[in-house]
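Colleague: Okay, here's the structure, questions in a sec.
The values are calculated or read from the model by the stated rules, or taken from the named source; none is laboratory data. The shown structure was predicted, so the numbers you read here are calculated from the model rather than taken from an experiment. We place every Cβ from the backbone using ideal geometry, glycine too, and count neighbours over all the protein chains shown.
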């Protein structure tokens, strides 16, 4: 009787043959730089595939050559990463930014046009507005409230419509949780594609992770992750990943070979460990985040909470959210009453929640986007996107939600006491 295993079950064994590793139940770390060929003919065949000199023959697999090209830990990890997104191939990198920059460099050249969503992660924003601009890549930023005809009009009026080569989305957006319609972006890519050129759609899915969102189902060609976040999930490694269809990942892997920015065997081994508990961790984080978001939404010191489950009933954003995601996720941002001073007092008083950047780990983290992760974003864009001095971003972990709310409550009390003292000083 045939049975189709769920991804969380396959994470324990998929892509690994214990008999090839002395029967070890888990893959060992293949700490080697190079691999021995059985014959010169085998070495030739392996390199032909690695350098794209020929297509794979039926049932042929890429042989092991050199750990900059492939490694057993890397290959097992890439096989398993395909499962959640239902991708045909994956490429793992030494950081999220190396994954992002490799995709942008592979699918853009001087003179091309990039359409990207805003706001986006500060590192991505900097790469677009500095490096890509310096090499002659044009760009147009779009926001979540823009309709398809408005975006098409902006492309046509840019003077570079025929040069559109890549659409890059980060959804939900960091740190505002703004949601972009992936299917709409896919339709736009089709409008500007032709028999000589395909406009590719890449989606940074770091904020939702592979459990709650599968962008390939909605028309994306590539899905990008900072694997440091939920996939790694323990704040003990740096990594990135790209998943997608075989033809585009082949291009990404080829450039990775020559940039040399693949993940190490040790990092891959740690990620394989983390994948086994990914679903359990993320589900616990989402449950906690819902409770925290609802608490914040009722607190008198909070002006606004940015969290998908709190979107206005019947709004366009809510409709996209319900179609595109299976959970509101574990990232909660909110605007405090006041400004930077109040936000800093709040952050400085947290005890259980740690004051640090990054996200998606087992421990809860808090940070101030305007002066930290998005410090490099221009003041004009911060104002436009709502990344204000009063915004705080929380990454919710797996702690007991009651303890998280207790910690947040104490921090708010410190802010309230500061305000009371200031009022007394003014009265005196």
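Colleague: Here are some conditions: (1) within 19 Å of residue 329 (Cβ to Cβ); (2) out of contact with any strand residue (DSSP E or B) (no Cβ under 8 Å at 6 or more places or on another chain); (3) part of a helix (DSSP H, G or I). Residue 210 meets all but one. Which one does it not meet?
Modeller: Among (1) within 19 Å of residue 329 (Cβ to Cβ); (2) out of contact with any strand residue (DSSP E or B) (no Cβ under 8 Å at 6 or more places or on another chain); (3) part of a helix (DSSP H, G or I), the lone unmet condition for residue 210 is (2).
Colleague: Residues that are under 20 Å from residue 273 (Cα atoms) and over 12 Å from the mean Cα position of the chain (by Cα): does region 238-245 have at least one?
Modeller: First, the residues of region 238-245 that are under 20 Å from residue 273 (Cα atoms): 238-243.
Adding the requirement that they be over 12 Å from the mean Cα position of the chain (by Cα) leaves 238.
Yes, region 238-245 has at least one match.
Colleague: Among the residues of region 409-418, is any surrounded by fewer than 20 Cβ atoms within 10 Å (Cβ to Cβ), without any contact (Cβ under 8 Å) to a residue 40 or more places away in the chain and closer than 30 Å to residue 144 by Cα?
Modeller: No, region 409-418 contains no residue that is surrounded by fewer than 20 Cβ atoms within 10 Å (Cβ to Cβ), without any contact (Cβ under 8 Å) to a residue 40 or more places away in the chain and closer than 30 Å to residue 144 by Cα.
Colleague: Let me ask something else about it. Considering each of 61, 75 in turn, give the residue that is without any contact (Cβ under 8 Å) to a residue 40 or more places away in the chain and surrounded by fewer than 21 Cβ atoms within 10 Å (Cβ to Cβ).
Modeller: Criteria check complete, one pass: 61.
Colleague: Assigned to a helix (DSSP H, G or I), outside the structural domain of residue 205 (by TED's automatic domain parsing), surrounded by 22 or more Cβ atoms within 10 Å (Cβ to Cβ) and at pLDDT 95 or above: does that describe residue 291?
Modeller: Details: assigned to a helix (DSSP H, G or I): yes; outside the structural domain of residue 205 (by TED's automatic domain parsing): yes; surrounded by 22 or more Cβ atoms within 10 Å (Cβ to Cβ): no; at pLDDT 95 or above: yes.
No.
Colleague: Tell me, please, whether a residue that is closer than 19 Å to residue 290 by Cα and outside the structural domain of residue 84 (by TED's automatic domain parsing) can be found in region 382-391.
Modeller: If we filter region 382-391 for residues that are closer than 19 Å to residue 290 by Cα, which is where we start, we get 391.
Subset that is outside the structural domain of residue 84 (by TED's automatic domain parsing): 391.
Yes - at least one qualifying residue is present in region 382-391.
Quick grid of which residues meet (1) closer than 30 Å to residue 183 by Cβ; (2) assigned to a loop (DSSP other than H, G, I, E, B); (3) out of contact with any strand residue (DSSP E or B) (no Cβ under 8 Å at 6 or more places or on another chain); (4) assigned by TED's automatic domain parsing to the domain that holds residue 118:
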site: 309; (1), (2), (3), (4): yes, no, yes, no
site: 317; (1), (2), (3), (4): yes, no, yes, no
site: 323; (1), (2), (3), (4): yes, no, yes, no
site: 334; (1), (2), (3), (4): yes, no, no, no
site: 341; (1), (2), (3), (4): no, no, yes, no
site: 345; (1), (2), (3), (4): no, no, yes, no
site: 359; (1), (2), (3), (4): yes, yes, no, no
site: 377; (1), (2), (3), (4): yes, yes, yes, no
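Quick grid of which residues meet (1) touching a strand residue (DSSP E or B) at 6+ places or on another chain (Cβ under 7 Å); (2) surrounded by fewer than 24 Cβ atoms within 10 Å (Cβ to Cβ); (3) at pLDDT 95 or above; (4) under 22 Å from residue 289 (Cβ atoms):
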{"site": "191", "(1), (2), (3), (4)": "no, yes, yes, no"}
{"site": "206", "(1), (2), (3), (4)": "yes, no, yes, yes"}
{"site": "217", "(1), (2), (3), (4)": "no, yes, yes, no"}
{"site": "221", "(1), (2), (3), (4)": "yes, yes, yes, no"}
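Colleague: Is it the case, given these coordinates, that residue 194 is out of contact with any helix residue (DSSP H, G or I) (no Cβ under 6 Å at 6 or more places or on another chain) and farther than 23 Å from residue 322 by Cα?
Modeller: When the stated conditions are applied, residue 194 passes them.
Colleague: Residues being crowded, with 18+ Cβ neighbours inside 10 Å and either in a helix (DSSP H, G or I) or free of Cβ contacts under 8 Å to residues at least 40 places away in the same chain (or both): count how many of those fall in region 379-399.
Modeller: 2
Colleague: Moving to a separate point now. Residue pairs, Cβ under 9 Å, 6 or more apart or interchain, first in region 146-174 and over 22 Å from residue 107 (Cβ atoms), second part of a strand (DSSP E or B). List them.
Modeller: 150/142; 172/306; 172/331
Colleague: Just checking, does region 277-284 include any residue being in contact (Cβ under 8 Å) with a residue 40 or more places away in the chain, assigned to a strand (DSSP E or B), surrounded by fewer than 18 Cβ atoms within 10 Å (Cβ to Cβ) and in the same structural domain as residue 412 (by TED's automatic domain parsing)?
Modeller: No, there is no match, as no residue in region 277-284 is in contact (Cβ under 8 Å) with a residue 40 or more places away in the chain, assigned to a strand (DSSP E or B), surrounded by fewer than 18 Cβ atoms within 10 Å (Cβ to Cβ) and in the same structural domain as residue 412 (by TED's automatic domain parsing).
Colleague: A further question on this structure: Output the number of residues of region 6-64 satisfying the condition of being outside any helix (DSSP H, G or I), modelled with pLDDT of 85 or more and more than 33 Å from the chain's Cα centre (by Cα).
Modeller: 7
Colleague: Restricting attention to region 294-307, and to residues there that are outside any helix (DSSP H, G or I) and free of Cβ contacts under 8 Å to residues at least 60 places away in the same chain, which single residue is surrounded by the most Cβ atoms within 10 Å (Cβ to Cβ)?
Modeller: Residues of region 294-307 that are outside any helix (DSSP H, G or I), as a first pass: 298-307.
In the following step, the residues that additionally are free of Cβ contacts under 8 Å to residues at least 60 places away in the same chain were identified as 298, 300, 302, 304-305.
Values: 298: 8, 300: 8, 302: 18, 304: 16, 305: 20.
Step by step, filter region 294-307, then rank; the result is 305.
Colleague: Still on this model: Are there strands (runs of 3 or more DSSP E) fully within region 74-145 with at least 3 residues that are touching a helix residue (DSSP H, G or I) at 6+ places or on another chain (Cβ under 8 Å) and under 30 Å from residue 386 (Cα atoms)? List them.
Modeller: Working: elements: 89-93, 113-117, 138-142.
Counting at least 3 such residues, we get 113-117, 138-142.
Colleague: Output the number of residues of region 236-267 satisfying the condition of being outside any helix (DSSP H, G or I), surrounded by 23 or more Cβ atoms within 10 Å (Cβ to Cβ) and in contact with a strand residue (DSSP E or B) (Cβ under 6 Å, 6 or more places away or on another chain).
Modeller: Number of matching residues: 6.
Colleague: Quick check on my filter: what residues within region 83-129 are out of contact with any strand residue (DSSP E or B) (no Cβ under 8 Å at 6 or more places or on another chain) and surrounded by fewer than 20 Cβ atoms within 10 Å (Cβ to Cβ)?
Modeller: Answer for region 83-129, where residues must be out of contact with any strand residue (DSSP E or B) (no Cβ under 8 Å at 6 or more places or on another chain) and surrounded by fewer than 20 Cβ atoms within 10 Å (Cβ to Cβ): 86, 105, 110, 122, 123, 126, 127.
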